[in-house]
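Everything on this sheet refers to the single structure shown next.
Every number in this text was worked out from the coordinates using simple rules, so none of it is lab data. Every value quoted in this text rests on a predicted model; they were computed, and no experiment measured them. Every residue, glycine as well, gets a Cβ built from its backbone with ideal geometry; the counts of neighbours run over all protein chains shown.
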Amino acid sequence: MVKEGGFLREHIYADIEAEIKRQTEKWGTNTDLEHPLEWMLVVDEEIGEVAKALNEHYFRDMPFKPVEEELIQVIAVIVSWIETERMKR
């Protein structure tokens, strides 16, 4: 993969879109999460998974790829949260 400017970013955005699709297929649209605190709990849980993956990477010499995957999941949840809030307007 070429790591120049927007090209790499396009791949990251594609990964985020794929993760949003995967989460929607697994959990539905999450429109049942009505209060921002409910969304924050989901984000916090995902951030905890990032922390776990970072610990595995730095203290057990595991690859960085799982950290990246968990970060993509956090971003996907946040994008879904924003979309849900905008749909309420």
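Miscellaneous remarks
- The listed residues are 43, 79, 50, and the only one of them that is under 26 Å from residue 9 (Cβ atoms) and touching an Asp or Glu at 6+ places or on another chain (Cβ under 8 Å) turns out to be 50.
- Hits in the range 60-89 (condition: among the hydrophobic types (A, V, I, L, M, F, W, C) and part of a loop (DSSP other than H, G, I, E, B)): 62, 64
- Within the range 15-24, one or more residues are more than 27 Å from residue 89 (Cα to Cα) and assigned to a helix (DSSP H, G or I).
- Qualifying residue in the range 42-65 (condition: in contact with a Pro (Cβ under 8 Å, 6 or more places away or on another chain) and free of Cβ contacts under 8 Å to residues at least 12 places away in the same chain): yes
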